[in-house]
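*Asks:* Following this message is one structure expressed as structure tokens.
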Number of protein chains: 2
Amino acid sequence: MFEIAQLAGVSESTVSRALSGSPLVNENTRNRILKIARSANYTVNINARNLRQKRTRTIEVLIPLAEYGRQHMSDPFYLDMLGVLADALSERHYDMLLTKRAPWAKGVETNSIQCGRADGIIIMGQGQDLEALRNFTDLYPQVVVWGGHLREDDYIVVGTDNVAGGKLATEHLMKLGRKRIAFLGDPAEPEIALRQQGYRKAFLDNGIAVDESLIFSAPFDAREARASAEKMLQSGVSFDAIFCASDVIAMSAITTLRNAGLDVPRDVAIVGYDDILIANSFGPSLTTVSQRIQEGGKTMVELLLQRIEGKSVDTTLLPVELVVRESCGAP
Amino acid sequence: MFEIAQLAGVSESTVSRALSGSPLVNENTRNRILKIARSANYTVNINARNLRQKRTRTIEVLIPLAEYGRQHMSDPFYLDMLGVLADALSERHYDMLLTKRAPWAKGVETNSIQCGRADGIIIMGQGQDLEALRNFTDLYPQVVVWGGHLREDDYIVVGTDNVAGGKLATEHLMKLGRKRIAFLGDPAEPEIALRQQGYRKAFLDNGIAVDESLIFSAPFDAREARASAEKMLQSGVSFDAIFCASDVIAMSAITTLRNAGLDVPRDVAIVGYDDILIANSFGPSLTTVSQRIQEGGKTMVELLLQRIEGKSVDTTLLPVELVVRESCGAP
DNA sequence: CTGTTAGCGCGTTCAA
DNA sequence: TTGAACGCGCTAACAG
């Protein structure tokens with residue numbers, strides 16, 4: 001920067017101001033400096049700037065990525081979200097640091113906020129260790145979590161109204177005349193448990209008793225979801241519809257049912273959850289409860305940046321919406 | 001750090017040395033300092049360290065993520081790879097910066113290497129602008145590219161032997177007795193063009209003329225791939241097998257064929273390319289040419305870090321391997 | 001509008 | 001084995 005200053009015949013401060021777009025600098029001076037900087041192929045060193053300004057314009061995104069060792073597939077939902085977050089952050093001139101391990105995992109010494117690597121963290125999914133999450137956000141409030149609205153937590157949550165979504169999906173199947181509607185999804189994940197609550201609520205609100213034999217647990221992984229779907233078939237329990245707790249589960253279920261010679265939606269109607277991009281390309285295309293991934297991602301970025309600026313922001317529940325396509329058999 | 005030094009009754013230098021694991025510090029002193037630092041919840045500021053050391057222990061990963069605006073789905077291949085890269089980098093104590101836009105794209109002023117944000121870049125896919133890529137790597141050689149081996153380029157490429165892979169897949173279908181083997185894939189992408197070369201080579205090496213009417217172009221996107229598969233059907237050209245240039249295309253083709261009442265693999269045998277994690281969960285499970293995603297990702301990280309250290313490393317072509325599952329109809 | 005001065009927090013000399 | 005001094009490259013405060 002010193003060299004640029006010399007070439008332009010000004011002080012380093014002026015160069016700094018010109019390059020950071022400060023209004024406190026003459027139009028001509030600025031243009032001259034910009035030109036020289038460009039021709040010298042000069043760029044401001046980001047570490048020095050971060051050190052000085054005590055901010056990084058970087059957000060960490062904590063996301064459950066594929067575990068190759070275990071042949072575990074990551075849900076495309078997260079990856080659709082990643083695309084949205086990348087765009088939303090880039091639009092605000094923020095960089096994205098991608099991480100798999102939670103800062104409270106053992107073996108992790110520090111976190112990106114404390115060591116000055118990021119200004120805030122977006123955590124995808126509450127995960128299993130709710131207490132660790134709460135302890136962490138107590139210390140570092142510059143966090144937004146994607147997930148289910150569990151109770152009056154101190155951290156900011158963004159997500160859809162999972163109970164309403166579960167109810168919406170189930171009632172849609174009821175209205176289509178389905179009598180034996182099953183639930184497929186693993187309630188270990190908080191969001192899934194809420195969707196199951198919505199499923200139950202649909203029956204209760206319509207004066208129908210919930211048949212517990214129709215509730216099947218399936219983890220979020222595609223391969224195991226297929227295994228679960230096969231168990232459903234072998235259980236001998238009859239059903240003419242399934243509300244699947246995610247689109248991945250729905251696609252697995254459809255594959256399994258078809259392989260067993262059943263027709264979707266004729267024999268079994270399917271409704272998924274998420275509305276991932278691929279849901280519309282699958283055959284049959286999925287009827288699903290939209291998680292408004294685009295809106296959700298943008299909202300998370302918006303709220304997090306506001307929180308970093310010190311503004312007070314609130315947990316946000318996005319309204320749900322049913323996207324009707326082929327798999328439910330609606331006319 | 002000054003405070004920690006005071007608490008420990010030593011100088012800042014000693015604290016710095018203790019925390020960075022320097023051998024130039026007494027065992028007792030180190031333990032005392034570590035204890036104090038931990039109890040004070042102190043962490044070294046990463047920006048100051050980076051500034052001083054002129055390195056960041058951060059790698060940028062440039063990856064084509066989903067375009068939500070255009071409803072464009074990103075290939076799960078990239079995302080499987082992302083998981084592997086995250087693990088490989090984390091193992092070497094490197095952080096991962098995720099980016100969608102190439103540094104040579106218009107509107108991008110600088111790049112992460114020049115401004116000190118990253119020590120190197122992993123670029124997923126050569127993309128369309130081969131010249132821009134070459135110009136960039138001329139200036140910044142700390143780059144590894146995943147893709148096809150095009151010619152003696154100056155930048156480091158890691159990838160599978162796409163020609164051999166295309167040949168392997170096609171010959172496998174020949175050996176299974178298929179007579180009308182089609183190709184589905186968009187040769188605009190360099191890797192796909194190479195796979196098509198392999199497809200042609202399989203015919204030539206077996207003394208069979210290539211039937212150009214069996215070569216169909218399909219972009220990498222799932223929805224358009226389905227459209228292309230439908231065009232194949234409507235074209236009236238008969239075929240009893242398809243070599244699909246990616247697993248995503250293969251899954252789309254299978255969906256389309258099944259919707260049209262055809263059986264896979266009985267009526268049409270399918271071989272894909274990539275061996276993404278979901279390939280084994282799909283129904284029917286995909287016979288596919290493995291891209292050795294795990295090995296490939298680890299190799300990229302390994303080579304890039306060596307190159308950053310100044311060692312000379314070479315472009316690496318991973319050997320291909322056919323993973324035989326259900327979709328090809330092998331006994 | 002511009003220059004001077006100081007310091008962000010660390011790692012690395014050099015000297016002891 | 002430790003401490004003192006310096007400077008990485010930048011921006012903010014102040015003075016002009």
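Read-outs: derived from the displayed coordinates by stated rules, not from any lab. Bear in mind that the values here come from a model prediction, so they are computed numbers and not experimental data. Cβ: placed from backbone, ideal geometry, glycine included. Neighbour counts: every protein chain shown.
*Asks:* Go through region B:251-325 and name the GluC sites (Glu not before Pro) that are in a DSSP coil and have 14 or fewer other Cβ atoms within 10 Å of their Cβ.
*Replies:* Working: sites: B:295, B:302, B:309, B:321; in loops: B:309.
In loop regions of region B:251-325 (DSSP not H, G, I, E or B), the sparsely surrounded GluC sites (Glu not before Pro) are B:309.
*Asks:* Just how large is the dipole of region B:162-290 about the Cα centre, in debye to the nearest 20, putting +1 at every Lys and Arg Cβ and -1 at every Asp and Glu Cβ? Walk me through the numbers before you get to the answer.
*Replies:* On the way: 13 positive and 16 negative charges, 70 e Å.
Its charge dipole is roughly 340 debye.
*Asks:* Step through the residues of region B:288-303 one at a time and calculate ³J(HN,Hα) from phi using the Karplus curve (6.51 cos²θ - 1.76 cosθ + 1.60, θ = phi - 60°), rounding each to whole Hz and writing x for Gly and Pro.
*Replies:* The phi angles translate into 7, 8, 6, 8, 6, 4, 4, 4, x, x, 4, 4, 4, 4, 4, 5 Hz.
*Asks:* So which lysines pass the test for residue A:35, namely a Cα distance under 25 Å, with those fewer than 8 places away in the same chain ruled out?
*Replies:* Leaving aside lysines fewer than 8 places away in the same chain, those within reach of residue A:35 are B:106.
*Asks:* Considering the options B:90, B:50, B:33, tell which one lies farthest towards the positive end of the dipole of region B:15-104, charges being +1 on Lys and Arg and -1 on Asp and Glu at the Cβ, about the Cα centre.
*Replies:* Going by the Cα projections, it comes out as B:33.
*Asks:* Across peptide A:111-119, how many C-beta atoms of other chains are within 10 Å of each residue C-beta, on average? If you can, show how the numbers build up before the last one.
*Replies:* Details: counts 1, 2, 1, 6, 7, 8, 8, 2, 0.
The shielding value for this peptide is 4.
*Asks:* What full-extension length gain, to one decimal in nm, is calculated for residue B:92 and residue B:3 as 0.36 nm per residue of separation minus the Cα-Cα distance?
*Replies:* 29.0 nm
*Asks:* Related question: Given A:179/A:201; B:54/B:298; A:167/A:231, which pairs have Cα atoms separated by over 20 Å?
*Replies:* Details: A:179/A:201 16 Å; B:54/B:298 25 Å; A:167/A:231 25 Å.
Check vs 20 Å cut-off fails for B:54/B:298; A:167/A:231.
*Asks:* Another question, if that's okay. Treating only the Cα positions of chain B as identical point scatterers, give the base-10 log of I(q)/I(0) from the Debye formula at each q in 0.08, 0.11, 0.12, 0.13 Å⁻¹.
*Replies:* Once normalised to I(0) and log-transformed, intensities are -0.48, -0.76, -0.85, -0.95.
*Asks:* Now for a different question. Please get the size of the charge dipole for region B:2-44, origin at its Cα centre, with Cβ charges of +1 on Lys and Arg and -1 on Asp and Glu, quoted in debye to the nearest 20. It would help to have the intermediate numbers written out before the result.
*Replies:* Numbers: 5 positive and 3 negative charges, 28 e Å.
The calculated dipole for region B:2-44 is roughly 140 debye.
*Asks:* Now for a different question. How many times 2.2 N^0.38 Å is the alpha carbon radius of gyration of region A:162-290? If you can, show how the numbers build up before the last one.
*Replies:* On the way: Rg = 12.9 Å, N = 129, 2.2 N^0.38 = 13.9 Å.
Cα Rg divided by the expected 2.2 N^0.38 Å: 0.93.
*Asks:* I need the trypsin sites (Lys or Arg not before Pro) found in region B:296-331, filtered to DSSP loop residues with at most 11 other beta carbons within 10 Å of theirs. Walk me through the numbers before you get to the answer.
*Replies:* Details: sites: B:298, B:307, B:311, B:325; in loops: B:311, B:325.
Those satisfying the criteria are B:311.
*Asks:* Each label point is 7 Å from the Cα along the Cα-to-Cβ direction; what then is the distance between the points at residue A:267 and residue A:131, in nm?
*Replies:* Roughly 4.7 nm, to one decimal.
*Asks:* Can you list residues from other chains, or at least 5 along the same chain, whose modelled amide H is less than 5 Å from the amide H of residue B:242?
*Replies:* B:182, B:269, B:270, B:271
*Asks:* Which listed residue (A:146, B:78, A:14) has the Cα farthest towards the positive end of the charge dipole for the protein assembly as shown, taking +1 on Lys and Arg C-beta and -1 on Asp and Glu C-beta about the Cα centre?
*Replies:* A:14
*Asks:* Further, regarding this structure: If you keep only loop residues by DSSP, which trypsin sites (Lys or Arg not before Pro) in region A:163-233 have at most 15 other Cβ atoms within 10 Å of their Cβ? Each step should come with its number before you reach the end.
*Replies:* Working: sites: A:167, A:175, A:178, A:179, A:180, A:195, A:200, A:201, A:223, A:226, A:231; in loops: A:178, A:179, A:180.
In loop regions of region A:163-233 (DSSP not H, G, I, E or B), the sparsely surrounded trypsin sites (Lys or Arg not before Pro) are A:179, A:180.
*Asks:* Enumerate the calculated ³J(HN,Hα) couplings along region A:225-241 in order (Karplus 6.51 cos²θ - 1.76 cosθ + 1.60, θ = phi - 60°), each rounded to whole Hz, writing x wherever the residue is Gly or Pro.
*Replies:* Calculated HN-Hα couplings, in order: 5, 5, 4, 5, 4, 5, 4, 4, 5, 6, 5, x, 5, 8, 8, 10, 6 Hz.
*Asks:* Residue by residue through region A:145-154, what is 3J(HN,Hα) from phi via Karplus (6.51 cos²θ - 1.76 cosθ + 1.60, θ = phi - 60°)? Round to whole Hz and write x for glycine and proline.
*Replies:* 10, 8, x, x, 7, 8, 6, 6, 7, 7
*Asks:* Could you give the dipole magnitude of the protein assembly as shown about its Cα centre, charging the beta-carbon of Lys and Arg +1 and that of Asp and Glu -1, in debye to the nearest 20?
*Replies:* On the way: 72 positive and 82 negative charges, 272 e Å.
My answer is approximately 1300 debye.
*Asks:* Just to be sure I follow: if Rg is taken over the C-alpha atoms of the protein assembly as shown and Rh is the Kirkwood radius over the same atoms, what is Rg/Rh? Show your work: numbers first, answer last.
*Replies:* Numbers: Rg = 27.3 Å, Rh = 27.1 Å.
Rounded to two decimals, Rg over Rh is 1.00.
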